[in-house]
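The values are calculated or read from the model by the stated rules, or taken from the named source; none is laboratory data. Note that this is a predicted model, so its numbers are computed, not measured. Using ideal geometry, Cβ is built from the backbone for each residue, glycine included, and neighbour counts are taken over all protein chains shown.
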Amino acid sequence: MVSGNERRILGFGFVIVALLGTAYAANAQQITVDAAPSHAVNTFSPFRALGAAIDRLPTGTPDRLLTDPVLKEILGAGWQAVTYRQNTELMVEAWHWNPRGAWSNTEKQEGYFTGSSEPTEMIRHSWAYPLPHRGFSQGDGNGWSRLTDGDLKTYWKSNPYLTQEFTGEDDSLHPQWVIVDLGRKVDINALRIAWADPYARRYSVQFWTGEEEPFYDGTTKGTWQTFPLGAVTEGQGGTVTQKLVSWMIPVRYLRIWMTESSHTCDTHGSADKRNCLGYAIKELYVGTLAGEGQFTDVVKHVPSRQQTVTWPSSVDPWHAASDLDESRGDQVGFDFFFMSGVTRGLPTMVPIAMLYATPEDAAAEIAYLYKRHYPISWIEMGEEADGQHMLPEDYGALYLQFAAAIHRLVPEAKLGGPPFEGTEGDVEVWPDAAGRVSWLGRFLDYLKAHGRLDDFTFFSFEHYPLMDKRARLIWSDLYPEPQRVSHVVQVWKDNGLPPGMPFFMTEGNMTGGGERPDVMSALWLADYVGSMMTAGANGTFYFHYMPVAGRPGGFLLLDKDYHVKTYPPQYIATQVITKEWVQPVDAPHQLFKVSSDVKDGAGNFLVTAYAVERPDGQWSVMLVNRDHDNAHAVKVIFADPENKRERHFAGRVDRITFGDAEYQWHVEGKGGHADPDGPPSKSVVTGGAGALYQLPKASITVLRGRVGEK
């Protein structure tokens, strides 16, 4: 029993707590939803807009991953629509989406392959063919460039579809080029080119004046300058040793810029005109030429990645049946993909190969899918052309050819792209004659100049904001994400993205692979999804949806026998996003901007928030407390300046939280284990004008309920 004195003491304590609570509420940190009905910044269906991306899978794994029980576990996270990624172009490979088809040279089973558009037996697997005339010494596929492999029987050749025969434009409007990276500045004065056929009749040999590499951030921090003796107007082919300058120039990057072809035919003969278009080089040598004519080469010629690095403008998609390499992974046959259940029957974004393919093959692919009556939403044209260092005018020239071929067979097909690889700002390229450097702006200008902007119906890009910090992430790296997303979207709009054009983040994650096993990766995911949808995206697709058995890191941790070991933080965060924040129905949600005054001393927002009005009439606010050290208590206000009122959650409010208290990763050697390992905690709190909502440190919290005046 409590004595009267004790009751007085307790009562006094309650008064103190009440007074402190009132004072705290008066000065509480505040989350404000701009809930004016006309201020919605996006309207989306979670089934169409919140999805995942599926890429090429390790050989032998699709039959385990795209079937139950593993598929059931993957789908259990809640991502809905999927986008099929096309990995072969990143590896400079031809993609046989259908193993059945026809070669341009039937007798020798080589040349240019066109898959069959006629459905017959089920396509369960599809494979890659590393291109034999590649000029890249980075990336995968065969792994080395033919320009510095030391073998005069091999050669690089440019894409014939970028010549006048196919573009209808003079070849000088689509210069082809190769770049040599010597690794450091070396004093040189000469170049030796062992030309193959077709060779360049007109070309210039140039050097880069900038200190950074001539791509990405360094693109506009230097210029390509032609050597004093570097211009050739009547090239004769063969092996040519060319003095570039009478003295020595320190050079790291050297470029051969080709504008007129000999149209002589390569080793595959004259029966196919494509063999006689563009440019081809057997081997490149860079170094010094002594007075007595002795040439000293500084290039390393080996058939491996130890060779001197080269990049080309394009690669001829010619290949042979013997180039097949099933060890590179399975792109998953379309029939198996659509019949497995991974798409949930929802419309799917599919790709075509374009950088290293033919228009006929791409058109046959889309015709095949339509004949099968698979639900197709959008068609992505090629894969990461910017990452392949393709100039926007070249991408545009291919785009128009492939679009025309597809629309002849499937007029209703919705085409777009590029997609850009992850970037935090504009993708810039070497200035054109007018000084323009925006990749997107120049691509759109190319389509407009040809009266074909209507063929471009959506814009897509990828997002890996912390790729360069994969091994060095710190907690504050979370802070810039919302500003990063809004900035890059605004940059694209400023560069001419047509108003109202749909845009999608079709592949993305925090770093691009092996995401952190702690809740940091979960918080990033929630912040990213909320930010991208607030910026107006029509869809966002999570990457690394498919786990790899026995490999740490990923969406789902499986042992070598494909049994679930752990549901990682991003898996659980996905459930919070797709099943708690939004209503898991195929119906419109309206999203509204939210402001926060929860900051640290440096002005970083420690709490971000994203609000939707759901079809069930409830408001749902997802709050991300990015403060790793402190919990925060916040008021939530729904401001409606149009009707001059403020509202609040009223009555019952469902509270769902996932964070440090629900999931802790413990490192053990190269692996580890989680304890606790979820699930999110759930509780019910009471709303009202004075309600304070507790946000644990390092957590995602969803508050969901009805909104009223009191």
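Count of the range 131-173 residues, restricted to those that are in a strand (DSSP E or B) and either at pLDDT below 95 or acidic (Asp, Glu) (or both), is 0. The residue list 646, 613 contains one member that is in contact with a strand residue (DSSP E or B) (Cβ under 8 Å, 6 or more places away or on another chain), of a type in the set (Asp, Glu) and crowded, with 18+ Cβ neighbours inside 10 Å, which is 613. Against the numbered list (1) farther than 26 Å from residue 488 by Cα; (2) part of a loop (DSSP other than H, G, I, E, B); (3) of a type in the set (Asp, Glu), residue 580 comes up short only at (2). Of the listed requirements (1) in the same structural domain as residue 395 (by TED's automatic domain parsing); (2) assigned to a loop (DSSP other than H, G, I, E, B); (3) at pLDDT 95 or above, residue 120 misses just one: (3). Residue count for the range 36-93, restricted to those that are within 30 Å of residue 312 (Cα to Cα), of a type in the set (Asp, Glu) and assigned to a loop (DSSP other than H, G, I, E, B): 1.
Within the range 507-523, the set of residues being surrounded by 24 or more Cβ atoms within 10 Å (Cβ to Cβ) and within 24 Å of residue 351 (Cβ to Cβ) comprises 507, 509, 510, 515.
Would you mind stating whether residue 689 is part of a loop (DSSP other than H, G, I, E, B) and either at pLDDT 95 or above or of a type in the set (A, V, I, L, M, F, W, C) (or both)? So that I can check it myself, show each step before the final result.
On the way: part of a loop (DSSP other than H, G, I, E, B): yes; either at pLDDT 95 or above or of a type in the set (A, V, I, L, M, F, W, C) (or both): yes.
So residue 689 passes the test.
Filtered by the rule that a residue be buried (at least 21 other Cβ atoms within 10 Å of the Cβ) and either among the small types (Gly, Ala, Ser) or on the phi < 0 side of the Ramachandran plot (or both), the range 539-552 gives 539, 540, 541, 542, 543, 545, 546, 547. Here 356, 370 are screened, and the one residue that is surrounded by fewer than 24 Cβ atoms within 10 Å (Cβ to Cβ), among the aromatic types (Phe, Trp, Tyr) and not in a strand (DSSP E or B) is 370. Within the range 553-567, if we keep just the residues that are within 22 Å of the chain's Cα centre (by Cα) and not aromatic (Phe, Trp, Tyr), the residue that is surrounded by the fewest Cβ atoms within 10 Å (Cβ to Cβ) turns out to be 553.
Yes/no per residue for (1) among the polar types (S, T, N, Q); (2) under 22 Å from the mean Cα position of the chain (by Cα); (3) buried (at least 20 other Cβ atoms within 10 Å of the Cβ):
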residue: 339; (1), (2), (3): no, no, no
residue: 350; (1), (2), (3): no, yes, yes
residue: 374; (1), (2), (3): no, no, no
residue: 384; (1), (2), (3): no, yes, yes
residue: 388; (1), (2), (3): yes, yes, yes
residue: 420; (1), (2), (3): no, yes, yes
residue: 423; (1), (2), (3): yes, yes, yes
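May I ask you to verify whether residue 590 is part of a loop (DSSP other than H, G, I, E, B) and in contact with an Asp or Glu (Cβ under 6 Å, 6 or more places away or on another chain)? So residue 590 fails the test. Number of residues in the range 460-479 that are touching a residue at least 12 places away in the same chain (Cβ under 8 Å) and either touching a helix residue (DSSP H, G or I) at 6+ places or on another chain (Cβ under 7 Å) or surrounded by fewer than 22 Cβ atoms within 10 Å (Cβ to Cβ) (or both): the value is 11. Kindly evaluate residue 513 against the criterion of being in the same structural domain as residue 460 (by TED's automatic domain parsing) and within 18 Å of the chain's Cα centre (by Cα). Criteria met by residue 513.
Taking the stated definitions as given, is residue 393 more than 22 Å from the chain's Cα centre (by Cα), closer than 30 Å to residue 137 by Cα and in the same structural domain as residue 505 (by TED's automatic domain parsing)?
Working: more than 22 Å from the chain's Cα centre (by Cα): no; closer than 30 Å to residue 137 by Cα: yes; in the same structural domain as residue 505 (by TED's automatic domain parsing): yes.
Taking the combined requirement at face value, the residue does not satisfy it.
Condition first: touching a His at 6+ places or on another chain (Cβ under 9 Å) and not in a strand (DSSP E or B). Can you find one or more residues in the range 631-647 that meet it? Within the range 631-647, one or more residues are touching a His at 6+ places or on another chain (Cβ under 9 Å) and not in a strand (DSSP E or B).
Within the range 30-56, residues that are under 16 Å from residue 350 (Cα atoms) sit with their Cβ atoms under 7 Å from residues that are among the charged types (D, E, K, R) and surrounded by 18 or more Cβ atoms within 10 Å (Cβ to Cβ), at 6+ positions apart or across chains, in these pairs: 53/85; 53/507; 54/85; 55/85; 56/330.
Considering 173, 162, the condition of being surrounded by 24 or more Cβ atoms within 10 Å (Cβ to Cβ) and either within 27 Å of residue 253 (Cα to Cα) or touching a strand residue (DSSP E or B) at 6+ places or on another chain (Cβ under 6 Å) (or both) is satisfied by 162 alone.
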